[in-house]
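Input: a single structure, listed below in structure tokens.
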Amino acid sequence: MWIQRRALVAVCSAGLLAVGLGPTVGSSPAGAEPFNVKHLNNIQSRLISGELLAELGGKSPSAKLVPGGGDEDQDHGADGAANTPPDSIGPAVGQGHQPANYAPAGSGACSERRGSNVKVNQNCLNITDRDLQGRGQANNESFISQDPFNGNHIIASDNDYVRGDGTCGTAYSLDRGRTWNNSTVPDIFTRGPGANARQYWQAGGDTSVAWDTRGNAYLSCQLFNRGTIASSDPDQSSAFVVFRSTGNHGASWNFPGRYVTSFFDQPGTGGVLEDKQLLTVDASLSSPFRDRVYVTWTEFAADGTAYIYEAHSSDYGETFSPRVLVSTDSTLCPRTFGVPTPQGRCNENQYSDPFTGPDGALYVAWSNFNNAVTGNDNRNQVMLAKSTDGGATFGAPVKVSDYYDLPDCDTYQGVRADPGRACVPEKGSSTKSVFRATNYASGAVNPTRPNQVVVTFASYINQHSQESNGCFPAGVADDGQNLYTGVKDGGCNNDILVSVSNNGGASFTGTTTDPRAQTSVTQRRRQATTDQFWHWAAFSSRGTLAVDYYDRQYGSDETTGYSDLSLSGSRDLTRFAATRVTTSSMPPPTQFAGPKGGQFYGDYTGLTVTNGRAHPAWSDTRAVDLFVCPGTATPGNPPRLCTAIEPNGQRANDQELFTDSVDVPTPHRTR
């Protein structure tokens, strides 16, 4: 049975260690192994953040360095036709012109535009050794927020690898996103445990940003050390830290950041892994919890559980409350995988998204994996809990909808070196789209109707992709990821769906409606046969819902593994119009490469909307990557730079943070 194949294995660990608001210290017998992928059971391996998984090691395969560079794939222009890749360079960099992401254009900054698309991170490309492609270069997992009371001010954040390892990166704009400046987050160390004055951090990421009603901006940052899997230091401490920007709109941040939760683990016990936190701020002038800061996250514990928790601050991020359980017990969770359930039956969860309504209600939507299934069915469920007392307590979870996750990458793309993750396989024989991906929920409250709560999510089974089209759920692979028939031959495709509550989150249209019959955000004819994934949702102040997402409806994206970014909008939540945001298609990522291509491209994308104008934020792969040409450094001649051709035939590319300013399309208003 599927339940048996998904059964959890015991986790070798020193035991579950306490995690709370104050610093805690782990202890274990000498020689304890680090909490890495070997310690994760099937369900935890499936749910762990892609950024953390990427940090746990792995080397890039060898690639051919070439003085020039091409790609067997094609780049699709705004009209969907093939054209010459815009980043093609001459016989050798240094003999021809240099690409914009490497050479400053006289201003000292590496700004870049692709039509209306604007590069957010202003740093120039670091020239990384070939086996460390992505380190020192990549920008992914974008988030963005616009000051609701001053639309000129926008802040974006991401996983930024400019310093070699991941860090919490930010940039700010004072002119509605037309131009950007980098800002530096002071996250090298925070206050230490006990008598230790400092705790140093190797890496950071999983960022999110939000504004309050008084012009302060907040950044949530995950900080962690990786133990002996990557270095000689056994420290596996981890923490969530919130930084505040006061008075300068994201140009700088307070130091040190303030702990939301922390687990100090210098001995490297690896008993707990805190993951995938997101932040929101109550920016309603009429709310009884005005300016309260909320953070939610998943705790992967040594007993095999993964519960959702929340903490909040009522003093502008200076201090945070003790954590509060969000994923409380429910009859909606009959399947507990045979592991202990100290906090209730809903014990396997991930991807929480907190958001507030104008009346001060706090909502948290997340993915839950404790639902019952029969036969080859492999659905999971989106759940939501509501707090009406500022995050102090939560009501019972409500089912938002069932959904179907993306397919197993190992099975359909042949990624034998890295099992245990899903991806978005392109159709046909090409197998270049191998980056880790998953479906998740994003929620928002209509500011003109406080009782109207919307949760968007993606599903591989939907009105366009189901048994009548040749797409059948087929259980799960040995690694716990979903299987389907019709993945590579066009029978299946991923859609963005929407579930609506008109009673303040008490019930949703998807509570009792199968994903096959639910409203799709992606309603264009070509979207019915192509994949859309990694979305975010936000309402305009006038009550128009906007949803951005990666989209393969353009050109030959669906067969080459290229992607674009699109934006959909609706006034009535049933009819959606869409517009293309990217001005040309983005090739599959190559950084953090495995045998088939780039394996890490982030886990999500961001969106902010004020009035009728949307600012999506995404990780973009259209820039060429560069390396030192071997053997070109001789006395009197500095080394030249080369592009690289990956083992799968792709030209190596960078990951950069981009945005645009777009009118939200509706069925009567398109760009």
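The values are calculated or read from the model by the stated rules, or taken from the named source; none is laboratory data. None of the values given here were measured: they were computed from a predicted structure. With ideal geometry, Cβ positions are generated from the backbone for all residues, glycine too; neighbour counts draw on all protein chains shown.
Taken together, the residues in region 468-477 that are touching a strand residue (DSSP E or B) at 6+ places or on another chain (Cβ under 9 Å) and either more than 21 Å from Gln518 (Cβ to Cβ) or in a helix (DSSP H, G or I) (or both) amount to 4.
Picking from residues in region 349-382 that are more than 19 Å from the chain's Cα centre (by Cα) and aliphatic (A, V, I, L, M), the one that is surrounded by the fewest Cβ atoms within 10 Å (Cβ to Cβ) is Ala372. Determine if region 230-238 includes at least one residue that is buried (at least 24 other Cβ atoms within 10 Å of the Cβ), in contact with a Gly (Cβ under 9 Å, 6 or more places away or on another chain) and touching a residue at least 12 places away in the same chain (Cβ under 8 Å). The answer is yes; a qualifying residue exists.
Taking Gly490 as the residue in question, decide whether it is in a strand (DSSP E or B) and in contact with a Lys or Arg (Cβ under 8 Å, 6 or more places away or on another chain).
Considered against the rule, which asks whether it is in a strand (DSSP E or B) and in contact with a Lys or Arg (Cβ under 8 Å, 6 or more places away or on another chain), Gly490 comes out as no.
If only one of Pro193, Pro186 is within 29 Å of Thr305 (Cα to Cα) and touching a residue at least 40 places away in the same chain (Cβ under 8 Å), which one is it?
Every option except Pro193 fails the conditions.
Just to be sure, is Thr213 within 24 Å of His312 (Cβ to Cβ) and surrounded by fewer than 22 Cβ atoms within 10 Å (Cβ to Cβ)? Considered against the rule, which asks whether it is within 24 Å of His312 (Cβ to Cβ) and surrounded by fewer than 22 Cβ atoms within 10 Å (Cβ to Cβ), Thr213 comes out as yes.
Within region 145-158, residues that are within 19 Å of Gly357 (Cβ to Cβ) sit with their Cβ atoms under 9 Å from residues that are in a loop (DSSP other than H, G, I, E, B) and among the β-branched types (Val, Ile, Thr), at 6+ positions apart or across chains, in these pairs: Pro148/Thr213; Phe149/Thr213. Thr522 fulfils the conditions (1) buried (at least 24 other Cβ atoms within 10 Å of the Cβ); (2) β-branched (Val, Ile, Thr); (3) not in a loop (DSSP other than H, G, I, E, B) except for a single criterion, (3).
I'd like the full set of residues that are charged (D, E, K, R) and over 25 Å from Thr356 (Cα atoms), limited to region 539-585. Residues satisfying the conditions are Asp551, Arg552, Asp557, Glu558, Asp564, Arg580.
Number of residues in region 422-453 that are surrounded by fewer than 24 Cβ atoms within 10 Å (Cβ to Cβ), touching a Leu at 6+ places or on another chain (Cβ under 8 Å) and among the β-branched types (Val, Ile, Thr) equals 1.
For Leu384, state whether it is within 30 Å of Pro450 (Cα to Cα), at pLDDT 95 or above, among the aliphatic types (A, V, I, L, M) and touching a strand residue (DSSP E or B) at 6+ places or on another chain (Cβ under 6 Å). Criteria met by Leu384.
Applying the criterion of being touching a residue at least 40 places away in the same chain (Cβ under 8 Å) and surrounded by 19 or more Cβ atoms within 10 Å (Cβ to Cβ) to the residues of region 131-142, the residue that is nearest to Glu646 (Cα to Cα) is Gln133.
Just one of (1) assigned to a strand (DSSP E or B); (2) modelled with pLDDT under 95; (3) not polar (S, T, N, Q) fails for Gly304. It is (1). Looking only at region 470-492, decide whether some residue is closer than 25 Å to Val547 by Cα and out of contact with any Phe, Trp or Tyr (no Cβ under 7 Å at 6 or more places or on another chain). For region 470-492, residues closer than 25 Å to Val547 by Cα and out of contact with any Phe, Trp or Tyr (no Cβ under 7 Å at 6 or more places or on another chain): present.
Suppose we keep only residues that are assigned to a strand (DSSP E or B) and β-branched (Val, Ile, Thr) within region 156-171. Which one would you say is surrounded by the fewest Cβ atoms within 10 Å (Cβ to Cβ)? Ranking the candidates gives Thr167 first.
Residues are listed down the side, and each one gets a yes or a no for (1) of a type in the set (Lys, Arg); (2) at positive phi; (3) under 25 Å from the mean Cα position of the chain (by Cα):
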position	(1), (2), (3)
Trp180	no, no, yes
Gly194	no, yes, no
Gln199	no, no, no
Ser208	no, no, yes
Tyr218	no, no, yes
Ser237	no, no, yes
Gly257	no, no, yes
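Of the strands (runs of 3 or more DSSP E) lying entirely inside region 531-640, those carrying at least 3 residues that are touching a residue at least 12 places away in the same chain (Cβ under 8 Å) and over 16 Å from the mean Cα position of the chain (by Cα) are 564-570, 577-580, 613-620. The residues listed here are Ser442, Ser401; of these, the one that is outside any loop (DSSP other than H, G, I, E, B) and under 23 Å from Asn140 (Cβ atoms) is Ser442. Residue under question is Gln343, and the condition is that it be in contact with a Leu (Cβ under 7 Å, 6 or more places away or on another chain), of a type outside the set (Lys, Arg) and under 30 Å from Lys488 (Cα atoms); does it hold? Taking the combined requirement at face value, the residue does not satisfy it. For region 172-194, the candidate set comprises residues that are among the hydroxyl-bearing types (Ser, Thr, Tyr) and part of a strand (DSSP E or B); within that set, the residue that is surrounded by the fewest Cβ atoms within 10 Å (Cβ to Cβ) is Ser183.
Can you say whether Ala210 is assigned to a loop (DSSP other than H, G, I, E, B) and of a type in the set (A, V, I, L, M, F, W, C), as far as the supplied structure shows? So Ala210 fails the test. When the residues of region 113-171 are filtered to those that are among the acidic types (Asp, Glu) and within 23 Å of the chain's Cα centre (by Cα), which remaining residue is farthest from Arg244 (Cα to Cα)? My answer is Asp165.
Checked across region 275-293, the condition of being assigned to a loop (DSSP other than H, G, I, E, B), touching a Leu at 6+ places or on another chain (Cβ under 8 Å) and under 30 Å from Thr228 (Cα atoms) holds for no residue.
Hey, could you check region 273-288 for residues that are over 18 Å from the mean Cα position of the chain (by Cα) and crowded, with 23+ Cβ neighbours inside 10 Å and say which is nearest to Tyr351 (Cα to Cα)? Please lay out each step first, then the result.
First, the residues of region 273-288 that are over 18 Å from the mean Cα position of the chain (by Cα): 281-288.
If we keep only those that are crowded, with 23+ Cβ neighbours inside 10 Å as well, we get 281-282.
Numbers: Val281: 18, Asp282: 20 Å.
Only one residue tops the list, namely Val281.
Looking at Asp389 and the list (1) crowded, with 22+ Cβ neighbours inside 10 Å; (2) in a loop (DSSP other than H, G, I, E, B), which single condition is not satisfied? Of the numbered conditions (1) crowded, with 22+ Cβ neighbours inside 10 Å; (2) in a loop (DSSP other than H, G, I, E, B), the odd one out for Asp389 is (1).
Residues in region 126-155 that are among the aliphatic types (A, V, I, L, M) and either touching a Cys at 6+ places or on another chain (Cβ under 7 Å) or under 20 Å from Ile188 (Cα atoms) (or both): Ala138 alone. Filtering Asp303, Asp282, Asp291, Asp353 for residues that are touching a residue at least 60 places away in the same chain (Cβ under 8 Å), within 19 Å of Phe457 (Cα to Cα) and of a type in the set (D, E, K, R) leaves a single hit, Asp353. The residue of region 643-665 that is surrounded by the most Cβ atoms within 10 Å (Cβ to Cβ), among those that are of a type in the set (Val, Ile, Thr) and at pLDDT 95 or above, is Thr659.
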